[in-house]
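Participant: Below: one structure in structure tokens.
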């Protein structure tokens, strides 16, 4: 968990750590501490949404780069 958080902190625009944090919160922490399940699920959802936003941004950037290469 600490390594994934460190990766996220080093580059907040890199999407993969958010995906893994989502899995950890939902599949591990929520099961280990059922009394905090709602909080962990909310945190997982927040990280999953951030992952989707960043991946979409990266894919859009790649698409634009490809279009620009065709124009040249």
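Derivation of every value follows stated rules applied to the coordinates shown; laboratory data play no part. Small disclaimer: the values here were computed from a predicted structure and weren't measured. Backbone-built Cβ (ideal geometry, glycine too); neighbour counts: all protein chains shown.
Participant: Just one of 35, 5 is free of Cβ contacts under 8 Å to residues at least 24 places away in the same chain, exposed (fewer than 10 other Cβ atoms within 10 Å of the Cβ) and out of contact with any strand residue (DSSP E or B) (no Cβ under 9 Å at 6 or more places or on another chain); which is it?
Facilitator: 35
Participant: Which residues, counting only those in the stretch 10-24, are free of Cβ contacts under 8 Å to residues at least 40 places away in the same chain and under 12 Å from the mean Cα position of the chain (by Cα)?
Facilitator: Quick first cut of the stretch 10-24, residues free of Cβ contacts under 8 Å to residues at least 40 places away in the same chain only: 10-12, 16-24.
Across the stretch 10-24, the qualifying residues are 11, 12, 16, 17, 18, 19, 20, 21, 22, 23, 24.
Participant: So for the stretch 52-71 (the condition being in contact with a helix residue (DSSP H, G or I) (Cβ under 6 Å, 6 or more places away or on another chain) and either in a helix (DSSP H, G or I) or free of Cβ contacts under 8 Å to residues at least 12 places away in the same chain (or both)), does at least one residue qualify?
Facilitator: Checking the stretch 52-71: not a single residue is in contact with a helix residue (DSSP H, G or I) (Cβ under 6 Å, 6 or more places away or on another chain) and either in a helix (DSSP H, G or I) or free of Cβ contacts under 8 Å to residues at least 12 places away in the same chain (or both).
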